[in-house]
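> Following this message is one structure expressed as structure tokens.
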Amino acid sequence: MKNIVYVENKYFVAVTHNGFKLTNLETKEKHYLSFEDVEILIFDNSQCYLSAKVIEKCADNKIGLLFCDRGHSPLSVLESVYGQQNRFERLKCQLSASSKVKGRLWRKIVISKIINQAVCLEKIGTEKESTEVLKSMTKTVTDHDVHNNEACAARLYFKKLFGDDFKRGRTTDLENAGLNYGYAILRALIRRNLVLK
């Protein structure tokens with residue numbers, strides 16, 4: 001995956017010969033990025049400026065533009081549909097997938113998610129018993145995840161990751177705020193890939 005460029009401060013973003021030039025409007029410091037290294041530009045400051053050429057070059061190079069609101073949540077994603085062949089046919093195919101196909105896809109997604117959670121816990125040194133419990137949950141995931149294995153695995157995963165007192169869904173703690181923001185960015189990237197493929 002290419003870089004996700006997060007523009008948090010007051011910047012002017014322009015185009016150079018082969019990439020972007022980001023100029024901090026307060027310190028005048030400049031940063032340069034080539035087009036081929038960027039997947040998406042995220043603007044999280046209402047005092048950022050960009051030239052029309054940036055939008056054109058993003059479209060030419062299939063680079064997404066994401067703008068955040070005052071609460072730092074993704075507000076708008078600009079995507080180019082220029083040059084996409086058979087976009088309507090692909091969309092029709094996705095929408096007409098049978099319930100059985102959607103159920104199988106959901107099962108595969110849930111299994112991958114649980115395996116990734118187990119791998120993450122292994123990497124941070126969590127006891128093997130917890131990771132084995134997560135891996136064993138993948139064996140009972142059904143189409144459409146009717147037994148809600150995803151939620152059961154998430155409960156175990158987040159407690160091992162953040163401690164026994166952690167509860168997903170609260171809006172008052174830093175961990176949940178960070179997770180919500182990260183998920184919003186991931187959703188935007190997934191949506192982008194669904195539109196472009």
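Nothing in this text is a laboratory measurement; each read-out follows from the coordinates by a stated rule. Keep in mind the model is a prediction, meaning the values are calculated, not measured. As a convention, Cβ positions derive from the backbone with ideal geometry for all residues, glycine included, and neighbour counts pool all protein chains shown.
> Report the one residue of 95, 77, 112 whose Cα lies farthest in the direction of the positive end of the charge dipole of the chain (charges on C-beta: Lys and Arg +1, Asp and Glu -1; origin at the Cα centre).
95
> On to the next question. Using the Cα atoms of the chain to build a convex hull, what is its mean projected area in square nanometres?
14.1 nm²
> Please give the length that would be gained between residue 76 and residue 102 if that part of the chain were fully extended, namely 0.36 nm times their separation in residues minus their C-alpha to C-alpha distance (nm, one decimal).
Numbers: separation 26, 0.36 × 26 = 9.36 nm, distance 2.71 nm.
Between residue 76 and residue 102, full extension yields an extra 6.6 nm.
> Which percent of Cα pairs goes in each bin when the distances of region 87-166 are cut into 10 angstrom slices starting at zero?
18, 40, 23, 14, 5
> A follow-up question, please. Which lysines have a Cα less than 20 Å from the Cα of residue 30, not counting those fewer than 8 places away in the same chain?
Within reach: 10, 21, 53, 57.
> Related question: What whole-number value in cubic angstrom gives the convex hull volume per residue for the C-alpha atoms of region 38-122? Working shown, then result.
Numbers: hull volume 13.9 nm³, N = 85.
Considering the Cα atoms of region 38-122, their hull volume per residue is 164 Å³.
> At a Förster radius of 41 Å, what calculated FRET efficiency corresponds to the Cβ-Cβ distance of residue 140 and residue 16, to the nearest 0.05? Please report the intermediate quantities before stating the final value.
On the way: r = 54 Å, r/R0 = 1.31.
Efficiency, rounded to the nearest 0.05: 0.15.
> To continue, here is another question. Only helices at least 20 Å long along their axis, Cα-based, and averaging -0.5 or more on Kyte-Doolittle count here, so list those DSSP H runs from the chain. Please report the intermediate quantities before stating the final value.
Working: long enough: 99-123 (36 Å, 0.02); 174-196 (33 Å, 0.46).
Membrane-span-like by this rule: 99-123, 174-196.
> Tell me the label-point distance for the pair residue 170, residue 126, using the 7 Å Cα-to-Cβ offset, in nm and rounded to one decimal.
The answer from the label model is 1.8 nm.
> In whole Å, what are the extents of region 1-86 along the principal axes defined by its C-alpha atoms, from largest to smallest?
Principal extents (largest minus smallest coordinate, Cα): 45, 32, 25 Å.
> For region 3-78, give me the percentage of DSSP beta bridges that are antiparallel, rounded to the nearest 5 percent.
Values: 14 of 25 bridges.
Taking every DSSP beta bridge within region 3-78, about 55 percent pair in antiparallel fashion.
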